[in-house]
Amino acid sequence: NAGVTQTPKFQVLKTGQSMTLQCAQDMNHEYMSWYRQDPGMGLRLIHYSVGAGITDQGEVPNGYNVSRSTTEDFPLRLLSAAPSQTSVYFCASSKTGTGQYEQYFGPGTRLTVT
Amino acid sequence: GENVEQHPSTLSVQEGDSAVIKCTYSDSASNYFPWYKQELGKRPQLIIDIRSNVGEKKDQRIAVTLNKTAKHFSLHITETQPEDSAVYFCAARGGRGGSNYKLTFGKGTLLTVNP
């Protein structure tokens, strides 16, 4: 199993550009989520999904869109990049059954917006 | 929503000493409390977790305790080694409705183990 994969590893955008961060998992996990990590702020939840066709907002959703058309993929779209979106982005997934708790993280995408 | 506070933000210990990191949470319905270790430039990785029906769990040099009444939980690392140096995050998972798989994280503790 590859686990949780993310592409790209690094990205530099100009203000106003749009892009999609890719996330995929091959563990048949129902729950997937996106976090951003900023120095001293921990991991903050952007959006999450409990299954294909179902998404919801987390703590810091503004400026980001998500969709979940398959169990495996959960892309994060930046509509019009801003310098405040410079961050490291992590995708994570877990099962949702009773006793299935561990969230697995992808390797992260380091995004810089100039 | 859930709020998780973590202390201290930095912790420096001598090799062989113990380290303790403490977290509090606000939602009494939270039922799962993991701890993640993140080395520089790497992804967070689960090191130990505890569920709300358990008061303590131990795995070799690492232990976690949970006090549901006080809504706090702690990570204990004994006989620290330089390779324990990393950022540690606590988290709480909510127990309410459709959002009960969400993890809310503390802001992290930078642990430095000095040889």
>> Among the residues of the stretch B:48-55, are any surrounded by fewer than 20 Cβ atoms within 10 Å (Cβ to Cβ), outside any loop (DSSP other than H, G, I, E, B), within 11 Å of chain A (Cβ to nearest Cβ) and among the basic types (Lys, Arg)?
In response: yes
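Select from the stretch A:35-54 the residues that are more than 7 Å from chain B (Cβ to nearest Cβ) and among the small types (Gly, Ala, Ser) and list them in ascending order.
Restricting attention to the stretch A:35-54, the residues satisfying the condition of being more than 7 Å from chain B (Cβ to nearest Cβ) are A:35-39, A:44, A:46-47, A:49, A:51-54.
A:SER49, A:GLY51, A:ALA52, A:GLY53 - these are the residues of the stretch A:35-54 that are more than 7 Å from chain B (Cβ to nearest Cβ) and among the small types (Gly, Ala, Ser).
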> Residue check, A:ASN62 against (1) free of Cβ contacts under 8 Å to residues at least 12 places away in the same chain; (2) within 9 Å of another protein chain (Cβ to nearest Cβ), all met but one. Which one?
Replying inline: (2)
>> Restricting to the stretch A:38-54, and then to whatever is surrounded by 19 or more Cβ atoms within 10 Å (Cβ to Cβ) and among the β-branched types (Val, Ile, Thr), can you tell me which residue is nearest to the chain's Cα centre (by Cα)?
In response: A:ILE46
> What single numbered condition from (1) within 12 Å of chain A (Cβ to nearest Cβ); (2) at pLDDT 95 or above; (3) surrounded by 14 or more Cβ atoms within 10 Å (Cβ to Cβ) fails to hold for B:THR10?
Replying inline: (3)
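With respect to B:LYS58, determine if the residue is away from chain A (no Cβ under 14 Å) and either surrounded by 18 or more Cβ atoms within 10 Å (Cβ to Cβ) or in contact (Cβ under 8 Å) with a residue 40 or more places away in the chain (or both).
Values: away from chain A (no Cβ under 14 Å): yes; either surrounded by 18 or more Cβ atoms within 10 Å (Cβ to Cβ) or in contact (Cβ under 8 Å) with a residue 40 or more places away in the chain (or both): no.
Considered against the rule, which asks whether it is away from chain A (no Cβ under 14 Å) and either surrounded by 18 or more Cβ atoms within 10 Å (Cβ to Cβ) or in contact (Cβ under 8 Å) with a residue 40 or more places away in the chain (or both), B:LYS58 comes out as no.
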>> When the residues of the stretch A:44-76 are narrowed to those that are among the β-branched types (Val, Ile, Thr) and in contact with a His (Cβ under 7 Å, 6 or more places away or on another chain), which ends up farthest from A:GLY108 (Cα to Cα)?
In response: A:THR55
> Only one of these conditions is not met by B:LYS107: (1) in a strand (DSSP E or B); (2) touching a residue at least 24 places away in the same chain (Cβ under 8 Å); (3) within 14 Å of chain A (Cβ to nearest Cβ). Which number is it?
Replying inline: (1)
>> Filter the stretch B:33-47 down to the residues that are touching a strand residue (DSSP E or B) at 6+ places or on another chain (Cβ under 7 Å) and either of a type in the set (Phe, Trp, Tyr) or within 9 Å of another protein chain (Cβ to nearest Cβ) (or both) and list them by number.
In response: B:PHE33, B:PRO34, B:TRP35, B:TYR36, B:GLN38, B:ARG43, B:PRO44, B:GLN45, B:LEU46
> Can you name every residue in the stretch A:60-77 that is assigned to a loop (DSSP other than H, G, I, E, B) and at negative phi?
Replying inline: A:VAL60, A:PRO61, A:ASN62, A:SER67, A:ARG68, A:SER69, A:THR70, A:THR71, A:GLU72, A:PHE74, A:PRO75
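Assess whether A:THR96 counts as being at pLDDT 95 or above, over 11 Å from the mean Cα position of the chain (by Cα) and either outside any strand (DSSP E or B) or away from every other protein chain (no Cβ under 13 Å) (or both). Quick ask: steps written out before the conclusion?
Values: at pLDDT 95 or above: no; over 11 Å from the mean Cα position of the chain (by Cα): yes; either outside any strand (DSSP E or B) or away from every other protein chain (no Cβ under 13 Å) (or both): yes.
Taking the combined requirement at face value, the residue does not satisfy it.
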> What are the residue pairs meeting all of these: first residue in the stretch A:20-33, first residue closer than 14 Å to B:LYS102 by Cβ, second residue among the small types (Gly, Ala, Ser) and part of a loop (DSSP other than H, G, I, E, B), Cβ atoms under 6 Å, and 6 or more apart or on different chains?
Replying inline: none
> What pairs come up if the first residue lies in the stretch B:70-88 and is β-branched (Val, Ile, Thr), the second is modelled with pLDDT of 95 or more and in a strand (DSSP E or B), and their beta carbons are under 6 Å apart, counting only those six or more places apart or on different chains?
Replying inline: B:ILE77/B:ALA19; B:ILE77/B:ILE62; B:THR80/B:VAL13; B:THR80/B:ALA19; B:THR80/B:VAL113; B:VAL87/B:GLN38; B:VAL87/B:LEU110
> Given (1) at the interface with chain B (Cβ under 10 Å from one of its Cβ atoms); (2) in contact (Cβ under 8 Å) with a residue 12 or more places away in the chain; (3) not in a strand (DSSP E or B), where does A:SER80 come up short, assuming only one miss?
Replying inline: (1)
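The values are calculated or read from the model by the stated rules, or taken from the named source; none is laboratory data. Source: prediction; values computed, not measured. Using ideal geometry, Cβ is built from the backbone for each residue, glycine included, and neighbour counts are taken over all protein chains shown.
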